[in-house]
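Notes follow once the structure below has been shown.
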Amino acid sequence: MEKIVALCKRRGIIFPGSEIYGGLAGTWDYGSVGSLMKKNLKDLWWKEVVQKRDDMVGLDAAIMMNPRAWEASGHVEAFTDPLVECKICHLRFRADKSEEIKTHEKSHKPVIVDWTEPQTFNLLVKAYLGVLEGKQAEIYLRGEITNGVHVNFKNVIDSSRVRIPFGIAQIGKAFRNEITPGNFTFRSREFEQMETQFYIKPEDSEGEKWFEYWKQNRMDFFLSIGVAKEKLRFKDHEPEKRAHYARAATDIEYEFPWGFDEVMGIHHRGNWDLSRHQEYSGQDMKFRDPDDNTEYLPWDIETSAGVDRTFLMLLCNGYSENDGKLKLKIDPRLAAYTVAVFPLLANKPELVEKAKKIYIDLREDFYVSWDERGNIGKRYASQDEVGTPYCVTVDFQSLEDQTVTVRFRDSGEQKRIKIDEIPGFISKLINEPRSSST
Ligand code: GAP
């Protein structure tokens with residue numbers, strides 16, 4: 001983990017937030033490479049979940065909402081963690097994180113730590129809106145992106161041709177006043193979520209069918225982006241550990257360096273959200289079935305993945321070390337740069353000119369990295385560190401016969417192809433069907 005964190009900073013993948021001011025715990029900034037990878041992840045998720053489906057539409061709701069929406073959703077009352085405080089140093093921890101508690105107790109040895117009684121701590125982040133000092137409205141930054149979808153349920157059915165069962169997908173920032181942010185980006189105070197709310201008929205058989213469907217669908221997505229099968233598992237929530245809105249809940253966990261931990265959740269939310277918004281807003285949130293004119297509040301099967309946690313899983317899954325060098329094996333569709341282009345020698349203008357033309361032409365279709373520093377070995381190693389799947393080198397033979405070498409990140413193999421075949425060759429490689437790395 002330490003090596004990955006250091007590399008992420010050195011190579012522009014992830015930086016600590018506000019670093020020059022000493023940082024702000026639980027915030028992270030994605031750099032030139034990381035922001036591209038994150039965008040690719042969100043784009044691919046959207047393509048699979050919205051673009052390629054008939055039964056899903058997208059939404060992009062505001063982060064700031066009328067605070068009544070958070071009362072209705074139950075977050076003001078129940079979105080809490082149990083907090084305990086060390087009476088020696090006054091650091092605060094989540095009472096349900098026994099490993100963190102034990103590690104802290106060790107730090108005070110031989111003195112035995114006395115803890116305060118657990119108290120409930122609300123995770124919603126407050127903000128103040130308005131221009132008049134003292135008359136500003138207290139609002140909440142959204143603790144999950146879900147609420148903006150449910151409050152728009154009627155708008156969506158009235159403005160599109162969706163019919164039950166159908167879903168609404170959204171990607172966006174969420175904020176939580178986490179008691180102990182940690183494990184790099186894993187538990188942050190500002191993070192992104194990719195969610196689907198899938199509305200179904202309020203029948204037990206439908207609930208069971210779609211809950212199982214979305215569990216498997218989301219697991220298959222992780223496998224399709226190359227996550228090792230043996231490092232993924234489902235973990236059902238015990239009834240007492242479920243969120244206040246959930247009738248049933250299963251996490252998909254990944255084996256991080258510190259053990260199996262949650263990457264995403266699938267929740268059967270029943271009609272919790274729509275019924276509460278109907279009650280609190282006084283607006284009718286029912287769906288009228290055009291086939292038989294029945295009216296009902298649909299149930300919701302939710303899938304909710306952290307963008308940052310999925311990203312961290314891909315880093316942990318993809319990095320390997322050989323002879324002290326780190327290499328990131330990541331799905332080519334998610335890599336920051338699909339291809340890198342080099343002239344064999346930087347001091348030969350004819351090679352540089354030819355390579356530059358290839359670089360500029362390829363930029364029409366792909367993110368391309370240019371490198372003319374050091375020797376070819378160092379350039380390959382540098383591209384391996386950020387996971388560039390293909391490197392194209394222009395050498396003296398290229399001037400004779402219009403061919404280049406393409407070097408493959410994962411196998412290290414090289415192949416000679418014609419310059420005008422490069423775009424088609426790479427498109428075919430990145431779009432070929434792939435499955436999990438095991
Ligand atoms: N709408 C449902 C919901 O928000 P959740 O289990 O609280 O459910 C869903 O969160 C996902 O959001 C988690 O599985 C995780 O990937 C991500 N997530 C939650 N809290 C996070 C945090 N503090 N930092 C990073 N990601 C977080």
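Only residues that are assigned to a helix (DSSP H, G or I) and more than 16 Å from the ligand (Cβ to nearest atom) were counted across the range 302-330, and they come to 1. Taking the listed residues F166, F186, the one that is modelled with pLDDT of 95 or more and within 14 Å of the ligand (Cβ to nearest atom) is F186, with no other qualifying. Does H267 satisfy the criteria of being open to solvent by less than 50 Å² (accessible area, probe 1.4 Å), more than 20 Å from W214 (Cβ to Cβ) and either within 16 Å of the ligand (Cβ to nearest atom) or at pLDDT below 95 (or both)? The answer is no for H267.
Taking the range 131-147 as the range and being open to solvent by 10 Å² or more (accessible area, probe 1.4 Å) and out of contact with any strand residue (DSSP E or B) (no Cβ under 7 Å at 6 or more places or on another chain) as the test, the residues that pass are V131, L132, E133, G134, K135.
Residue by residue, here is whether (1) of a type in the set (D, E, K, R); (2) under 24 Å from R407 (Cα atoms); (3) open to solvent by 10 Å² or more (accessible area, probe 1.4 Å) holds:
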site: D292; (1), (2), (3): yes, no, yes
site: L297; (1), (2), (3): no, no, yes
site: L312; (1), (2), (3): no, no, no
site: G318; (1), (2), (3): no, yes, no
site: K325; (1), (2), (3): yes, yes, yes
site: K329; (1), (2), (3): yes, yes, yes
site: R333; (1), (2), (3): yes, yes, yes
site: L345; (1), (2), (3): no, yes, yes
site: L351; (1), (2), (3): no, yes, no
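Taking the stated definitions as given, is E212 open to solvent by 70 Å² or more (accessible area, probe 1.4 Å), more than 10 Å from the ligand (Cβ to nearest atom) and at pLDDT 95 or above? The answer is yes for E212.
In the range 169-183, which residues are open to solvent by less than 10 Å² (accessible area, probe 1.4 Å) and either of a type in the set (A, V, I, L, M) or away from the ligand (no atom under 14 Å from the Cβ) (or both)? Across the range 169-183, the qualifying residues are A169, A174.
Yes or no: the range 346-365 includes at least one residue that is in a loop (DSSP other than H, G, I, E, B), in contact with a strand residue (DSSP E or B) (Cβ under 7 Å, 6 or more places away or on another chain) and polar (S, T, N, Q). Scanning the range 346-365 turns up no residue that is in a loop (DSSP other than H, G, I, E, B), in contact with a strand residue (DSSP E or B) (Cβ under 7 Å, 6 or more places away or on another chain) and polar (S, T, N, Q).
Within the range 131-157, restricting attention to residues that are small (G, A, S) and in contact with a Leu (Cβ under 6 Å, 6 or more places away or on another chain), the residue that is nearest to the ligand (Cβ to nearest atom) is G143.
Just to be sure, is R94 farther than 27 Å from W258 by Cα and surrounded by 10 or more Cβ atoms within 10 Å (Cβ to Cβ)? No.
Of the candidates E230, E203, the single residue that is under 29 Å from M285 (Cα atoms) and open to solvent by 80 Å² or more (accessible area, probe 1.4 Å) is E203. Residue-level analysis places H277 outside the set of residues that are touching a residue at least 40 places away in the same chain (Cβ under 8 Å) and either away from the ligand (no atom under 16 Å from the Cβ) or touching a Gly at 6+ places or on another chain (Cβ under 9 Å) (or both). Assess whether Y199 counts as being more than 13 Å from the ligand (Cβ to nearest atom) and in contact with a helix residue (DSSP H, G or I) (Cβ under 9 Å, 6 or more places away or on another chain). Here the answer is yes, as Y199 does meet what is asked. Of all residue pairs spaced 6 or more apart or on separate chains, those with beta-carbon atoms under 6 Å, a first member in the range 289-312 that is free of Cβ contacts under 8 Å to residues at least 24 places away in the same chain and a second member that is in a loop (DSSP other than H, G, I, E, B) are E295/K286.
Within the set L91, L44, the sole residue that is of a type outside the set (D, E), at negative phi and touching a residue at least 24 places away in the same chain (Cβ under 8 Å) turns out to be L44. Does any residue of the range 371-389 turn out to be under 18 Å from F425 (Cα atoms), open to solvent by less than 10 Å² (accessible area, probe 1.4 Å) and of a type outside the set (F, W, Y)? Yes, the conditions are met somewhere in the range 371-389.
In the range 133-170, which residue that is among the aromatic types (F, W, Y) and part of a strand (DSSP E or B) is farthest from I200 (Cα to Cα)? The selected residue is Y140. Only residues that are within 13 Å of the ligand (Cβ to nearest atom), in a loop (DSSP other than H, G, I, E, B) and not small (G, A, S) were counted in the range 22-44, giving 1.
The values are calculated or read from the model by the stated rules, or taken from the named source; none is laboratory data. Since the structure is predicted, the reported quantities are computational estimates derived from the model, not experimental observations. With ideal geometry, Cβ positions are generated from the backbone for all residues, glycine too; neighbour counts draw on all protein chains shown. These accessible areas exclude ligands, DNA and RNA; they are computed on the full protein's heavy atoms, side chains included. Shrake-Rupley method; radii C 1.70, N 1.55, O 1.52, S 1.80 Å.
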